[in-house]
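For reference, the structure discussed in these notes is given below.
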Amino acid sequence: GEDVEQSLFLSVREGDSSVINCTYTDSSSTYLYWYKQEPGAGLQLLTYIFSNMDMKQDQRLTVLLNKKDKHLSLRIADTQTGDSAIYFCAEGQGGKLIFGQGTELSVKP
Amino acid sequence: GAVVSQHPSWVICKSGTSVKIECRSLDFQATTMFWYRQFPKQSLMLMATSNEGSKATYEQGVEKDKFLINHASLTLSTLTVTSAHPEDSSFYICSAKTSGVTYEQYFGPGTRLTVT
């Protein structure tokens with residue numbers, strides 16, 4: 001079945017890099033996504049990667065995809081206190097999204 | 001960018017009453033809208049998918065008679081929680097996508113429902 005797993009918490013110091021990991025099970029997923037959710041708010045799409053890509057970089061964000069291991073990661077360079085939030089990975093197929101549990105990122109000054 | 005709004009943002013209702021939540025795409029036509037439910041500190045669970053002008057498709061385990069979804073126009077979908085009970089208290093989030101761009105869903109800010 002469809003299942004997306006993430007670690008629940010990550011704590012880093014301001015200025016360090018953050019790496020959030022995700023594993024998924026559906027090898028037929030077309031797109032994989034990273035969303036950010038701040039307290040009491042909806043989801044903001046950070047970035048996505050097509051399943052035939054290995055890497056995508058967008059400013060401070062780098063997404064790595066290992067399709068063989070079904071492993072997705074999000075690296076945030078120079079993490080800031082404003083990056084503190086919950087980060088969800090999601091796999092998508094045909095417009096339907098399956099979300100992981102979310103990783104709570106805490107950035108300490 | 002594409003904006004999706006939800007109304008109300010927070011609602012408190014008494015057990016046994018019904019509550020309607022609206023989801024609007026403000027600057028684009030949403031051929032498909034999705035309704036999610038999120039419990040505190042948990043992930044989003046897809047409840048149903050609705051296409052404009054047709055009946056919603058509900059995920060397994062979601063009661064379609066309890067969670068009524070209407071997608072009557074390309075900019076508006078509504079979710080009505082009928083005969084609400086305290087266990088229906090949750091954060092309800094909608095998202096919308098157009099027919100042209102297949103990879104992105106635009107999410108609303110969510111509606112917090114508390115049933116007393």
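The values are calculated or read from the model by the stated rules, or taken from the named source; none is laboratory data. These numbers come from a predicted model, not from an experiment. Quick reminder, even Gly has a Cβ in these numbers, built from the backbone with ideal geometry, and neighbours come from all protein chains shown.
Quick one: would you say A:Ser11 is over 22 Å from B:Lys97 (Cβ atoms), more than 14 Å from every other protein chain (Cβ to nearest Cβ), crowded, with 17+ Cβ neighbours inside 10 Å and touching a residue at least 40 places away in the same chain (Cβ under 8 Å)?
No; evaluated as a whole, the condition is false for this residue.
Report, by residue number, each residue of segment A:33-44 that is surrounded by 17 or more Cβ atoms within 10 Å (Cβ to Cβ), of a type outside the set (D, E, K, R) and assigned to a strand (DSSP E or B).
A:Tyr33, A:Trp34, A:Tyr35, A:Gln37, A:Leu43
Here is a yes/no grid of residues against (1) more than 10 Å from chain A (Cβ to nearest Cβ); (2) touching a residue at least 12 places away in the same chain (Cβ under 8 Å); (3) surrounded by 18 or more Cβ atoms within 10 Å (Cβ to Cβ); (4) among the hydrophobic types (A, V, I, L, M, F, W, C):
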{"residue": "B:Val4", "(1), (2), (3), (4)": "no, yes, yes, yes"}
{"residue": "B:Ser9", "(1), (2), (3), (4)": "no, yes, no, no"}
{"residue": "B:Ile12", "(1), (2), (3), (4)": "yes, yes, no, yes"}
{"residue": "B:Ser18", "(1), (2), (3), (4)": "yes, yes, no, no"}
{"residue": "B:Glu22", "(1), (2), (3), (4)": "yes, yes, no, no"}
{"residue": "B:Ser25", "(1), (2), (3), (4)": "yes, yes, yes, no"}
{"residue": "B:Phe39", "(1), (2), (3), (4)": "yes, yes, no, yes"}
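Among the listed residues B:Thr31, B:Thr75, B:Thr49, which satisfies the condition of being within 11 Å of chain A (Cβ to nearest Cβ), surrounded by 16 or more Cβ atoms within 10 Å (Cβ to Cβ) and without any contact (Cβ under 8 Å) to a residue 60 or more places away in the chain?
B:Thr49
Looking only at segment A:21-60, which residues are more than 22 Å from A:Gln93 (Cα to Cα) and touching a Leu at 6+ places or on another chain (Cβ under 9 Å)?
Within segment A:21-60, just A:Asp58 meets the criteria.
Does at least one position in segment A:84-100 carry a residue that is away from chain B (no Cβ under 14 Å) and either surrounded by 17 or more Cβ atoms within 10 Å (Cβ to Cβ) or at pLDDT 95 or above (or both)?
Scanning segment A:84-100 turns up at least one residue that is away from chain B (no Cβ under 14 Å) and either surrounded by 17 or more Cβ atoms within 10 Å (Cβ to Cβ) or at pLDDT 95 or above (or both).
Considering only residues that are of a type in the set (D, E, K, R), outside any strand (DSSP E or B) and at the interface with chain A (Cβ under 10 Å from one of its Cβ atoms), which ones fall in segment B:78-111?
Scanning segment B:78-111 gives a single hit, B:Glu104.
Can you tell me how many residues within segment A:57-78 are over 12 Å from A:Ser18 (Cα atoms) and hydroxyl-bearing (Ser, Thr, Tyr)?
Total meeting the criteria: 0.
For segment A:1-32, what are the residues that are small (Gly, Ala, Ser) and part of a strand (DSSP E or B)?
Start the filter on segment A:1-32 by keeping residues that are small (Gly, Ala, Ser), which leaves A:1, A:7, A:11, A:15, A:17-18, A:27-29.
Across segment A:1-32, the qualifying residues are A:Ser11, A:Ser18.
Given the conditions (1) touching a Ser or Thr at 6+ places or on another chain (Cβ under 8 Å); (2) more than 11 Å from chain A (Cβ to nearest Cβ); (3) not charged (D, E, K, R), which single one is not true for B:Val62?
Here B:Val62 clears every test but (1).
Is it the case that A:Thr103 is polar (S, T, N, Q), more than 14 Å from chain B (Cβ to nearest Cβ) and closer than 19 Å to A:Ser11 by Cα?
Details: polar (S, T, N, Q): yes; more than 14 Å from chain B (Cβ to nearest Cβ): no; closer than 19 Å to A:Ser11 by Cα: yes.
Here the answer is no, as A:Thr103 does not meet what is asked.
Determine whether B:Thr111 is touching a His at 6+ places or on another chain (Cβ under 9 Å) and within 21 Å of A:Tyr48 (Cα to Cα).
no
Applying the selection to segment B:6-23, what residues are in contact with a Gly (Cβ under 8 Å, 6 or more places away or on another chain) and not small (Gly, Ala, Ser)?
B:Gln6, B:Cys23
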